[in-house]
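Presented below is the structure to which this report refers.
Every number here is computed from the coordinates shown, using simple stated rules; none is lab data. Everything quoted here is computed from the prediction, not taken from an experiment. Ideal geometry is used to build each Cβ from the backbone, glycine not excepted, and the neighbour counts take in all protein chains shown.
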Amino acid sequence: MDYRPLYPAPLRWLSAAIDLWLVITGLAIITLVFVNALLRGAAGFDLAWSLEVTAFLLLWVTFLGCAAASARGAHMRVTEIVENLLPRAVHRPLARLIDLIVAGVLVSLVVVGASISNHTWAQQTTVLYWPVGLLYASMPVGMLCTLVFHVANTGLELRDGPFPVDGTSPSDAPLAKVDPIA
């Protein structure tokens, strides 16, 4: 279920910015790899810096891609075991427990990733002399964005109830009823 239409404006903007970054970065990776392979085959040399740039971009695409998938509700869930072996009464509490565990793992990845990035910031890459910590910063930044979307998604589900998982759009999902008198 794509949660993005239900987000407040700042989260929709963050999601759109991440999507734009992923498109631009993906095109840059494809271009760099293609040009480097073409130069290596046709001219007999390669661009040493392109390997470092591609590695940086691939890591950032990976972790920010996780955030984009979270905003779309596109992370894989295996629900057959729970649906077929456990009574329906425990499905929602179990889903909330899983949401808490996922949030805990994301928080730990942010903390550990920030520590790794901080400890490696003084090191430099061999060709471009960029801080290695910038490479490792992709994990805490990507996981923090994922955590923001995960918390927002969980909040929407707590407020509005479970959303359908049958591929229907968010506009088909039941929204919280607003009492005009209150």
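Where in segment 1-98 are there helices (runs of 4 or more DSSP H), lying fully within it, with 1 or more residues that are under 22 Å from L147 (Cβ atoms) and either of a type in the set (F, W, Y) or in contact (Cβ under 8 Å) with a residue 40 or more places away in the chain (or both)?
Per the criteria, 9-42, 48-72.
Quick check on my filter: what residues within segment 112-126 are surrounded by 13 or more Cβ atoms within 10 Å (Cβ to Cβ) and either assigned to a helix (DSSP H, G or I) or in contact (Cβ under 8 Å) with a residue 40 or more places away in the chain (or both)?
V112, G113, A114, I116, S117, N118, T120, T125
For segment 21-56, how many residues are surrounded by 15 or more Cβ atoms within 10 Å (Cβ to Cβ) and farther than 21 Å from T126 by Cβ?
Looking only at that region, the number is 3.
Being over 26 Å from L22 (Cα atoms), of a type outside the set (S, T, N, Q) and out of contact with any helix residue (DSSP H, G or I) (no Cβ under 9 Å at 6 or more places or on another chain), is that true of even one residue in segment 101-120?
yes
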